[in-house]
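The values are calculated or read from the model by the stated rules, or taken from the named source; none is laboratory data. Computed from a predicted model, the values in this text were never measured in an experiment. Virtual Cβ from ideal backbone geometry, glycine too; neighbours counted across all protein chains shown.
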């Protein structure tokens with residue numbers, strides 16, 4: 001059976017509209033795909049990469065002792081790691097959340113069962129098996145290797161520079177302990 005060129009074009013436009021709507025998180029019913037005029041969809045972010053899907057990732061509750069042990073294993077001294085977490089209001093434990101959305105990396109911390117608060121915000125790009133996150137507030141750049149498998153995200157800090165020089169110890173302690181103490185599970 002042969003379909004007309006006009007019908008083929010209409011089907012292609014309809015399918016494209018559904019794909020665009022789905023990628024933007026909109027309904028994908030035929031009614032929404034062919035509905036009234038709407039603003040054009042934003043172009044996809046260069047950081048959108050199926051190897052590291054956008055979404056929300058969370059750790060479980062991590063004890064202060066485990067955070068300190070992670071820092072010590074990475075070469076930091078125990079008092080410096082403990083001081084960093086005490087200054088963040090952590091006396092027993094913390095949990096961390098990362099939201100990856102539209103090229104933005106927002107990291108939240110919840111001290112001692114409290115509510116999530118933004119601890120760090122950056123833009124990010126996926127490059128092969130690495131992620132490069134650039135702090136929004138200053139010239140800090142963190143490079144991670146990552147492994148995303150079965151909904152679990154493991155991150156390892158490879159480098160952390162501020163304006164081209166190695167970041168201050170407190171900043172490196174934060175990055176290494178937050179991202180390496182426990183895996184992040186994709187929850188949304």
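Structural remarks
- Boolean, residue 158 is within 23 Å of residue 80 (Cα to Cα), free of Cβ contacts under 8 Å to residues at least 24 places away in the same chain, part of a strand (DSSP E or B) and in contact with a strand residue (DSSP E or B) (Cβ under 8 Å, 6 or more places away or on another chain): no
Yes or no, residue by residue, for (1) touching a strand residue (DSSP E or B) at 6+ places or on another chain (Cβ under 9 Å); (2) assigned to a strand (DSSP E or B); (3) exposed (fewer than 13 other Cβ atoms within 10 Å of the Cβ); (4) touching a residue at least 12 places away in the same chain (Cβ under 8 Å):
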{"position": "57", "(1), (2), (3), (4)": "yes, yes, no, yes"}
{"position": "66", "(1), (2), (3), (4)": "yes, no, no, yes"}
{"position": "70", "(1), (2), (3), (4)": "yes, no, no, yes"}
{"position": "81", "(1), (2), (3), (4)": "no, no, no, yes"}
{"position": "108", "(1), (2), (3), (4)": "yes, yes, no, yes"}
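- Qualifying positions in segment 83-106 - in contact with a strand residue (DSSP E or B) (Cβ under 8 Å, 6 or more places away or on another chain) and either outside the structural domain of residue 120 (by TED's automatic domain parsing) or surrounded by 18 or more Cβ atoms within 10 Å (Cβ to Cβ) (or both): 85, 90, 93, 94, 95, 96, 97, 98, 99, 100, 105
- One residue alone among 141, 165, 126 is within 13 Å of the chain's Cα centre (by Cα) and either more than 19 Å from residue 181 (Cβ to Cβ) or touching a residue at least 60 places away in the same chain (Cβ under 8 Å) (or both), and that residue is 126.
- Conditions (1) part of a strand (DSSP E or B); (2) under 22 Å from residue 90 (Cα atoms); number of the one not met by residue 172: (1)
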